[in-house]
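One structure is given below, encoded as structure tokens.
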Amino acid sequence: MKKATAGVPVGRRTFMKAAAAAAMTQWPAAACASVAGVARMPARLGGSKAHDAGWPRWPRWISETDEQSLMSVVRSGVWSRAGTVNAFEKQWAAAMGAKRCLAVVNGTQALITALAQLNIGAGDEVILPPYTFIATPQSILMNGAIPIFCDIDPATYQLDPGKIEAAITPRTRAILPVHILGLPADMTAIMDLARKHNLLVVEDACQAWMAEIHGKKCGTFGHAGCYSFQNSKNMAIGEGGAIVSDDDAFMDRCFSYHNYGNAYGTAVGTVGAGTPMLGTKLRITEYQAAIGLAQLKRLPLESALRHENAEYLKQRIRGIPGITPYVFSPGVTRAAFHLFPFRFDAAAFHGLTRSAFLNALHAEGVPCSSGYTPLNTMPFVQHAFQTKNFRRMYAAEELNYAAWLARTRCPENDCLCREMVWLPQNLLLAERSAMDDIANAIEKIHAHADKLSAKG
């Protein structure tokens with residue numbers, strides 16, 4: 001990771017002085033052309049790219065160190081769950097500051113398992129934000145419970161604690177906050193509400209590895225925390241997930257559930273050990289765990305680099321008219337930055353559409369996307385309500401989809417989905433100068449937005 005260390009900023013004082021100066025800078029439209037790089041023509045209008053040096057590949061694999069661990073497992077012939085998985089679980093629990101960890105096949109199954117072993121099911125409601133991946137509400141539905149979307153804070157993009165209480169009913173059993181994009185939700189306020197109303201909390205930390213609030217890792221505030229190690233994630237092993245908790249009885253049940261219902265500690269392949277509970281098979285392999293151990297060695301340094309580069313980039317772009325970067329929830333000491341997000345206002349770009357802005361940014365050599373669309377209006381909930389199992393579990397009036405839609409309106413999220421722009425996390429592993437290239441690209445596009453808008 002020679003390049004990673006090169007991107008770490010100089011001293012904290014120097015960085016903070018630069019950030020403060022950037023925050024105080026005014027960016028009137030007439031002055032934009034005087035900023036270095038802005039006067040250049042955008043690539044879409046025939047100019048040169050702002051960045052043409054490429055970006056760090058992801059996932060990252062270092063043959064000299066990573067293959068030794070993996071090949072030792074491959075050569076052993078012990079590929080199903082054994083000592084390497086145990087070692088990964090212990091190290092992940094320690095890294096998160098949790099007592100126990102269970103590795104499973106993916107983050108979705110981590111969520112499903114955690115909810116199931118907290119006895120959340122038919123007749124229950126679970127409150128969650130609408131700005132998340134589809135796996136979050138699907139995990140609730142797969143357990144027979146009903147997801148209740150609660151709107152987001154437009155600045156942090158996270159579940160708004162101020163809106164949760166109005167969504168609570170006698171059926172509410174749990175809150176499922178999501179640290180989406182790797183930005184922590186306001187867990188202090190959420191846990192206060194959960195204690196007040198005697199609700200369970202399961203954290204979807206599938207994009208929040210090493211993220212912290214007051215130095216405490218995301219995924220360790222609630223009754224359980226769930227993570228994903230899918231190929232695009234900041235901790236990548238292809239597929240995989242994990243559950244952490246300090247509750248031994250709960251973790252014992254999760255282990256049994258992921259191992260056919262066999263008792264905790266039962267060895268893989270044991271016959272006749274007894275099966276005390278309903279379960280399935282969610283075990284990860286030894287070679288997945290070996291890759292995970294290799295990735296975990298680099299995760300702290302990579303996480304620090306992403307956070308530092310993201311905060312620098314935020315200061316560079318925050319004054320550009322029409323660009324509104326993220327705001328941290330109270331107490332955040334580190335974000336994971338699975339994605340770098342900001343809001344785009346077309347009106348400040350002479351009516352340039354978001355799609356055209358993304359195309360212009362791509363042309364500058366900066367990968368980007370528009371992010372999620374509103375989950376609460378997708379048809380999968382209606383489909384679940386129409387299934388035989390849901391119709392057996394609930395009365396007809398409880399499955400009134402029109403009433404559910406009205407109850408789960410999320411106007412702030414609708415607006416966010418129209419304005420959001422994402423930059424992928426691997427960009428934040430580049431040199432600090434690459435962050436300047438991204439900012440210069442956006443400045444160029446803004447300075448020539450009228451021409452780009454006319455071009456279409």
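Read the figures in this text as sums done on the coordinates, not as results from a lab. Not measured: the values here are computed from a predicted model. Methodologically, a virtual Cβ is constructed for each residue, glycine included, from the backbone with ideal geometry; neighbour enumeration extends over all protein chains shown.
Some values worked out for this structure:
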quantity: In region 46-96, trypsin sites (Lys or Arg not before Pro) in a DSSP loop with at most 11 other beta-carbon atoms within 10 Å; calculated: 57
quantity: Rounded tilt (10° steps) of 248-258 against the dominant C-alpha axis of the chain; calculated: 90 degrees
quantity: Residue order, fewest to most surrounding Cβ atoms within 10 angstrom, among 407, 392, 100; calculated: 392, 407, 100
quantity: FRET efficiency, 1/(1 + (r/R0)^6) with R0 56 Å, evaluated for residue 301 and residue 48 via beta carbons; calculated: 0.95
quantity: Prolate/oblate/rounded label for region 125-182 (Cα gyration tensor, a/c 1.5); calculated: oblate
quantity: Helical mean residue ellipticity (222 nm; -39500 (n - 2.57) per DSSP H run of 4+; nearest 500) of the chain; calculated: -12500 deg cm²/dmol
quantity: Backbone N within region 134-164 under 18 Å of label point (7 Å from residue 119 Cα along the Cβ vector); calculated: 143-146
quantity: Sorted by Cβ density within 10 Å, fewest first, the residues 256, 453; calculated: 453, 256
quantity: Environment charge of residue 61, counting only residues whose C-beta is closer than 14 Å and scoring Lys/Arg +1, Asp/Glu -1; calculated: 0
quantity: Potential extension, residue 63-residue 373 segment - 0.36 nm per residue separation minus Cα distance; calculated: 107.8 nm
quantity: Taking the chain and dividing mean pair separation by its residue count, relative contact order in percent (alpha carbons under 8 Å, at least six apart); calculated: 24 percent
quantity: For the chain, size of Cβ-based charge dipole, Lys and Arg +1, Asp and Glu -1, in debye; calculated: 600 debye
quantity: Lysine pairs meeting the criterion (Cα under 26 Å, 8 or more apart or interchain), as found in region 63-293; calculated: 18
quantity: Equivalent ellipsoid, region 98-157 (semi-axes from 5 times Cα gyration tensor eigenvalues, Å); calculated: 21, 16, 10
quantity: Inter-label distance for residue 386 and residue 431, nm, one decimal - labels placed 7 Å from Cα along Cα-to-Cβ; calculated: 5.6 nm
quantity: Difference of contour (0.36 nm per residue) and Cα-Cα distance, residue 267 to residue 280; calculated: 3.2 nm
quantity: GluC sites (Glu not before Pro) within region 371-456, DSSP loop, no more than 16 other Cβ atoms inside 10 Å; calculated: 431
quantity: Length added when fully stretched, residue 455-residue 192, from 0.36 nm per residue minus Cα-Cα; calculated: 89.5 nm
quantity: Percent antiparallel among DSSP beta bridges (both partners in the chain, rounded to 5); calculated: 65 percent
quantity: Around residue 209: net Lys/Arg minus Asp/Glu count, Cβ-Cβ under 9 Å; calculated: +2
quantity: For residue 133, residues with placed amide H under 5 Å, excluding near neighbours; calculated: none
quantity: Selected from 128, 143, 87, residue furthest toward positive end of dipole (the chain; charges at beta carbon); calculated: 87
quantity: ³J(HN,Hα), Karplus 6.51/-1.76/1.60, whole Hz, each residue of region 194-205, x for Gly, Pro; calculated: 4, 5, 4, 9, 6, 10, 6, 10, 10, 8, 8, 9
quantity: Net charge, residue 151 excluded, C-beta distance under 14 Å - Lys, Arg +1, Asp, Glu -1; calculated: -3
quantity: Neighbour-count ranking [beta-carbon atoms within 10 angstrom, fewest first] of 58, 79; calculated: 79, 58
quantity: For region 71-85, 3J(HN,Hα) per residue [Karplus equation, 6.51 cos²θ - 1.76 cosθ + 1.60, θ = phi - 60°, Hz, x = Gly/Pro]; calculated: 5, 5, 5, 4, 6, 5, x, 9, 9, 7, 3, 7, x, 5, 4
quantity: C-alpha long axis of helix 432-447 to longest principal axis of the chain, angle in °; calculated: 60 degrees
quantity: Cut-off under 5 Å, modelled amide H: who pairs with residue 333 long-range; calculated: 212, 213, 214, 215
quantity: Helix axis angle, 12-24 relative to the chain longest principal axis, alpha carbon, degrees; calculated: 60 degrees
